[in-house]
Amino acid sequence: GAALATGGPAVAGEPSVRCEVKEDVDGLEHGVLVCAPFDRGEGPLPLFAFSHGDFTTARQYQQLLKTVAAAGFVVAAYRACVPKCPNNGAFAFIDLLEVVAVASEPGFRVAEGMPSVHPSLPVVVAGHSTGGRAALMAAAVADSPEYLRGTEYAELLDRDDGRLRKVAARIGAAIPLHPDPMSDPLQDPDVARFPGAISKTPVFEVCSGFDYTLPLGSCWYDFRAITSPQRIYWDLPVGTHSESLFSPTEWPWVAKFARAFALGDAEDKELLFGDCPSCFRNVVGSALPGELQTGDGSVSLVICSGASAPATS
């Protein structure tokens, strides 16, 4: 049977969200952390798959994961990169896709009363730092058969009649939070083919104006390489590389973006891309010109809701 560890009481205002660990999971060496609302019956609910960063654990992101779960998701997070992802994190996207595969299996549960995962709704992939890179790589695999072609990673994707490619095809949105630089060949195994690889999947990229961990301009590079018609770049006015762990600033907007594309929630989509008084662009702050990770030294908020644009590298 599965070894379970209770994640503590639900956060005030959340609909009985709880987190549990399932340790004996085929394909995931260290198991999976699952957060879900317990008061919505048996579901099924859409899946939000999360990949944590180096030198952190999935449990450290519980407040973020519970916020998303409270919005109506089964949230599943890998526990692979402790303390650091092997191979400099290049395989982390494989673990993220395995999480999607495992959590999508009929009857997947980690505890009695937790809702099931909807078998056909789009899946949202997200992650922080190395996990953000994993989310970007998974989205690139979903959109481009050429990305990673000829690498050892393509061999893994093509195994078992392309099982993991079929898993990637379910991705409906990607949310990279303070992601690693996709311009670094030590971190992205296919730097040359990444620009333009994400051409369909909606992307919400979040960075911080005081992120001294990432190379200067790396977040902006990642965003400019994405050509999806619907994409958002948000450089926070506060916080460091670890903002996703400690501050609720980004959490509710992550949940809204997930709902907009996993559930097709028109209200959340309007809040994200519209221009109403309570819409995203009018209520969030963003980094000042000259702060770290601003695009070309001045761009801190970009909201694209229409036609795709050419990728730049």
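Consider Ser208 carefully, then state whether it is at pLDDT below 95 and out of contact with any Lys or Arg (no Cβ under 7 Å at 6 or more places or on another chain).
Taking the combined requirement at face value, the residue satisfies it.
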Flagged in segment 196-227 as surrounded by fewer than 20 Cβ atoms within 10 Å (Cβ to Cβ) and touching a helix residue (DSSP H, G or I) at 6+ places or on another chain (Cβ under 8 Å), in numbering order, are Ser199, Lys200
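Name the strands (runs of 3 or more DSSP E) wholly inside segment 161-250 in which the number of residues that are free of Cβ contacts under 8 Å to residues at least 40 places away in the same chain is 2 or more.
The strands (runs of 3 or more DSSP E) meeting that bar number zero.
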What number goes with the only condition from (1) in contact (Cβ under 8 Å) with a residue 24 or more places away in the chain; (2) of a type in the set (Phe, Trp, Tyr); (3) surrounded by fewer than 24 Cβ atoms within 10 Å (Cβ to Cβ); (4) assigned to a loop (DSSP other than H, G, I, E, B) that Phe108 does not pass?
(1)
Name the single residue, out of those in segment 17-53 being more than 22 Å from Ile175 (Cβ to Cβ) and open to solvent by less than 60 Å² (accessible area, probe 1.4 Å), that is modelled with the lowest pLDDT.
Gly27
Do we have Leu271 as within 22 Å of Arg133 (Cα to Cα), free of Cβ contacts under 8 Å to residues at least 60 places away in the same chain and not basic (Lys, Arg) here?
no
Scan segment 163-179 for residues that are open to solvent by 10 Å² or more (accessible area, probe 1.4 Å) and touching a helix residue (DSSP H, G or I) at 6+ places or on another chain (Cβ under 8 Å) and jot them down.
Arg163, Arg165, Val167, Ala169, Arg170, Ile171, Gly172
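Could you grab me the full set of residues in segment 182-238 that are among the hydroxyl-bearing types (Ser, Thr, Tyr) and farther than 17 Å from Gly285 by Cβ? Quick ask: steps written out before the conclusion?
So in segment 182-238, the residues among the hydroxyl-bearing types (Ser, Thr, Tyr) come out as 183, 199, 201, 208, 212-213, 218, 221, 227-228, 233.
Matches in segment 182-238: Ser183, Ser199, Thr201, Tyr212, Thr213, Ser218, Tyr221, Thr227, Ser228.
The values are calculated or read from the model by the stated rules, or taken from the named source; none is laboratory data. Remember, it's a predicted structure, so these values are computed and weren't measured experimentally. Quick reminder, even Gly has a Cβ in these numbers, built from the backbone with ideal geometry, and neighbours come from all protein chains shown. Calculation scope for accessible area: heavy atoms of the full protein, side chains included, ligands and nucleic acids excluded. Shrake-Rupley method; radii C 1.70, N 1.55, O 1.52, S 1.80 Å.
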